[in-house]
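Asks: Following this message is one structure expressed as structure tokens.
The values are calculated or read from the model by the stated rules, or taken from the named source; none is laboratory data. Nothing here was measured: the structure is a model prediction, and the numbers come from that model. Because the Cβ atoms are built from the backbone with ideal geometry, glycine has one as well, and the counts that use them run over all protein chains shown.
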Amino acid sequence: MLERFYTDITGNMDPGVFVSLGAALPFVGRHARRLAGRKLPEHLRAKTTTFPSLSLGHRLRRAITGQDAAAIFRGSIRFSDSLGHAMTRRGFGNSTHVYSMLGECGPLLVAAKQRGLTVVSEIYILPSTERILAEERKKFPDWESGVPDFAAIRQELNEEDVLLRRTDFAICPSEAVRNDLVENFGFVRERTAVVPYGMKSELFSVHNEPIRGRVLFAGTAELRKGVHYLAMAAEKLAQRGLDYEIRVAGNVQSQIAKQNICRHLNFLGRVPRNEMVREFAAADIFVLPSLAEGSAEVIYEALACGVPVVTTPEAGSVVRDGIEGRIVPSRDPEALSNAIGEIIEDRQLRDGMAHAARERARDFTLEHYGERLVSTLRPLGTKQGELARA
């Protein structure tokens, strides 16, 4: 199905090979290590075109920009547009469709529609995320500062809403995303499909030996992930005399870590992937009280490791309430604390959920994800079903 694959840079093609060799160097080491992990399968390299000069230029400009969030966002929009123009110049070959991630590289999608191609967009996060976070930051103004008005910046740059105006068919990783797209943005439900994500099957080899009362949260500790509601729930649990260890694995700003309500949280900082396996192996339950996701990959990983999950509808998970864990309303620390306490204190319930979690995960490996995606895309073909991915 794949006619052409366009991406910015990879670790095993063109200059990306040499950049990834700088993993041990200061300043560039972190970026080089990430790039080294972005490797294309050998059988796709012949169909792939990268744009390393644009990518490296963008990273250089971002390094010069520093921490100015508004400037970083403007730079990201300009980079995406530049990539779209460059991809358009390389052409579409015999493609009948273009597959894009959340409307990225907008000029390519505009050009595709002008040429009569079908645009398929993967909506990997709730479209209402910016609105949700704007509302949350008003409620908690001292948690995240210096966040720009993204909508105003788009308007300033005359950015067209390519995602909604140019997309013919939307791939959503969860019902939460599809419902948001249809109910709040007027997208036609019949032009959507839900294709859940997956995880690497080697996680099934993780032997979960839970430390009773150890609660694991993984992801950036921020308002979007609901870390403030986890902190409130931890406070309620402590008031009930439930002395649980709540571990937060992920980047955290000092502004958040120093919040008084967070005193019951153990911030681990960024945890490398190989060490996260040990965190899952010792976790009693996994908690993600997110306000906006697409379908959080870390929940698939927790399930595969046999860890019961407490999360929200907005996390877009495949967890079924009362079977692999609990689904609680977002922004509700009382419900969150009750669900955590219920599972930890009832060991028979916890063990049953742990077994169900691993069984549930077997339907959501990367292999199954690929099968579901291809079976969804095939009927969209109008000619020979060639697919170009941007």
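Asks: Collect the residues in the range 101-139 that are β-branched (Val, Ile, Thr), surrounded by fewer than 20 Cβ atoms within 10 Å (Cβ to Cβ) and in contact with a strand residue (DSSP E or B) (Cβ under 9 Å, 6 or more places away or on another chain), keeping them in residue-number order.
Replies: Matches in the range 101-139: Thr118 only.
The rows are residues; the columns are (1) free of Cβ contacts under 8 Å to residues at least 24 places away in the same chain; (2) buried (at least 17 other Cβ atoms within 10 Å of the Cβ); (3) in contact with a helix residue (DSSP H, G or I) (Cβ under 6 Å, 6 or more places away or on another chain); (4) of a type in the set (S, T, N, Q).
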residue: Ala221; (1), (2), (3), (4): no, yes, yes, no
residue: Val227; (1), (2), (3), (4): no, yes, no, no
residue: Asn251; (1), (2), (3), (4): no, no, no, yes
residue: Asn266; (1), (2), (3), (4): yes, no, no, yes
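Asks: I would also like to ask the following. State whether one or more residues within the range 302-324 are free of Cβ contacts under 8 Å to residues at least 24 places away in the same chain and crowded, with 24+ Cβ neighbours inside 10 Å.
Replies: Residues of the range 302-324 free of Cβ contacts under 8 Å to residues at least 24 places away in the same chain: 321-322.
Going one step further and asking which of them are crowded, with 24+ Cβ neighbours inside 10 Å, we end up with none.
Within the range 302-324, none of the residues are free of Cβ contacts under 8 Å to residues at least 24 places away in the same chain and crowded, with 24+ Cβ neighbours inside 10 Å.
Asks: State whether the residues of the range 280-288 include one that is part of a loop (DSSP other than H, G, I, E, B) and in contact (Cβ under 8 Å) with a residue 24 or more places away in the chain. Can you show your working first?
Replies: Our first condition is that a residue be part of a loop (DSSP other than H, G, I, E, B); within the range 280-288, this holds for 283-284.
Among the residues that remain, those that are also in contact (Cβ under 8 Å) with a residue 24 or more places away in the chain are: 283-284.
Yes, the conditions are met somewhere in the range 280-288.
Asks: Working only within the range 112-135, note down all residues that are assigned to a loop (DSSP other than H, G, I, E, B) and free of Cβ contacts under 8 Å to residues at least 24 places away in the same chain. Write out each step before concluding.
Replies: Of all residues in the range 112-135, those assigned to a loop (DSSP other than H, G, I, E, B) come to 115-117, 123-128.
Correct list: Arg115, Gly116.
Asks: Being among the aliphatic types (A, V, I, L, M), assigned to a helix (DSSP H, G or I) and under 15 Å from the mean Cα position of the chain (by Cα) is the filter here, so list the residues in the range 303-327 that pass it.
Replies: Pass one, the range 303-327, residues among the aliphatic types (A, V, I, L, M): 303-304, 307, 309-310, 315, 318-319, 323, 327.
Now restrict to residues that are assigned to a helix (DSSP H, G or I): 303-304, 315.
Selection gives Ala315 alone.
Asks: For the range 35-86, which residues satisfy the criterion of being within 18 Å of Leu157 (Cα to Cα) and among the aliphatic types (A, V, I, L, M)?
Replies: Within the range 35-86, Ala69, Ala70, Ala71, Ile72, Ile77, Leu83 meet the criteria.
Asks: Just checking, which of Asn208, Asn158 is over 20 Å from Ile299 (Cβ atoms) and assigned to a loop (DSSP other than H, G, I, E, B)? Spell out the reasoning first.
Replies: Details: Asn208 fails: over 20 Å from Ile299 (Cβ atoms).
The match here is Asn158.
Asks: Moving on. Could you please give the count of residues in the range 211-241 that are part of a strand (DSSP E or B) and either small (Gly, Ala, Ser) or in the same structural domain as Glu135 (by TED's automatic domain parsing) (or both)?
Replies: Residues of the range 211-241 part of a strand (DSSP E or B): 214-218, 221.
When the remaining residues are screened for being either small (Gly, Ala, Ser) or in the same structural domain as Glu135 (by TED's automatic domain parsing) (or both), the result is 218, 221.
Qualifying residue count, the range 211-241: 2.
Asks: Out of the residues in the range 5-43 meeting the condition of being aromatic (Phe, Trp, Tyr) and over 21 Å from Met87 (Cβ atoms), tell me which one is modelled with the highest pLDDT. Step through it out loud before you land on a result.
Replies: Our first condition is that a residue be aromatic (Phe, Trp, Tyr); within the range 5-43, this holds for 5-6, 18, 27.
Still in the list and also over 21 Å from Met87 (Cβ atoms): 18, 27.
Values: Phe18: 69, Phe27: 51.
Top of the filtered list is Phe18.
Asks: Looking at Phe140, is it out of contact with any Asp or Glu (no Cβ under 8 Å at 6 or more places or on another chain), in the same structural domain as Val182 (by TED's automatic domain parsing) and not acidic (Asp, Glu)? Talk me through it step by step, then tell me what you get.
Replies: On the way: out of contact with any Asp or Glu (no Cβ under 8 Å at 6 or more places or on another chain): yes; in the same structural domain as Val182 (by TED's automatic domain parsing): yes; not acidic (Asp, Glu): yes.
Yes: the conditions hold for Phe140.
Asks: Got a number for residues in the range 363-385 being at pLDDT 95 or above and not in a helix (DSSP H, G or I)?
Replies: The number of residues fulfilling the criteria is 3.
Asks: For residues in the range 33-50 being among the aliphatic types (A, V, I, L, M) and loosely packed, with under 15 Cβ neighbours inside 10 Å, which is farthest from the chain's Cα centre (by Cα)? Walk me through it before giving the result.
Replies: Within the range 33-50, the first condition is being among the aliphatic types (A, V, I, L, M), and the residues that meet it are 35-36, 40, 44, 46.
Now restrict to residues that are loosely packed, with under 15 Cβ neighbours inside 10 Å: 44, 46.
On the way: Leu44: 24, Ala46: 28 Å.
Checked the range 33-50; the qualifying residue farthest from the chain's Cα centre (by Cα) is Ala46.
Asks: Taking into account only those residues within the range 269-291 that are surrounded by 24 or more Cβ atoms within 10 Å (Cβ to Cβ) and among the β-branched types (Val, Ile, Thr), which is farthest from the chain's Cα centre (by Cα)?
Replies: My answer is Ile285.
Asks: Kindly provide the set of residues from the range 226-262 that are under 22 Å from Ala282 (Cα atoms) and of a type in the set (D, E, K, R), ordered by number.
Replies: Listed by number, the residues that qualify are Asp243, Glu245, Arg247.
Asks: Of everything in the range 70-82 that's under 20 Å from the mean Cα position of the chain (by Cα) and surrounded by 16 or more Cβ atoms within 10 Å (Cβ to Cβ), which residue is nearest to Asp8 (Cα to Cα)?
Replies: Filtering the range 70-82 down to residues under 20 Å from the mean Cα position of the chain (by Cα) leaves 72-73, 76-77, 80.
From the residues that got through so far, the ones that are surrounded by 16 or more Cβ atoms within 10 Å (Cβ to Cβ) too are 73, 77, 80.
Numbers: Phe73: 17, Ile77: 14, Ser80: 10 Å.
Restricting to residues being under 20 Å from the mean Cα position of the chain (by Cα) and surrounded by 16 or more Cβ atoms within 10 Å (Cβ to Cβ), the top hit is Ser80.
Asks: Which one of Ser337, Ser295 is under 22 Å from the mean Cα position of the chain (by Cα) and in contact (Cβ under 8 Å) with a residue 40 or more places away in the chain? Show your work before the answer.
Replies: On the way: Ser337 fails: under 22 Å from the mean Cα position of the chain (by Cα).
Matching residue, one of Ser337, Ser295: Ser295.
Asks: Then there is this: Mind listing whichever residues of the range 167-200 are in a helix (DSSP H, G or I) and modelled with pLDDT under 95? Break it down into steps so the answer makes sense when it comes.
Replies: So in the range 167-200, the residues in a helix (DSSP H, G or I) come out as 175-185, 189-191.
Selection gives nothing.
Asks: Something else: Suppose we filter the range 341-357 for residues that are out of contact with any Phe, Trp or Tyr (no Cβ under 7 Å at 6 or more places or on another chain) and surrounded by 18 or more Cβ atoms within 10 Å (Cβ to Cβ); how many remain?
Replies: Number of matching residues: 6.
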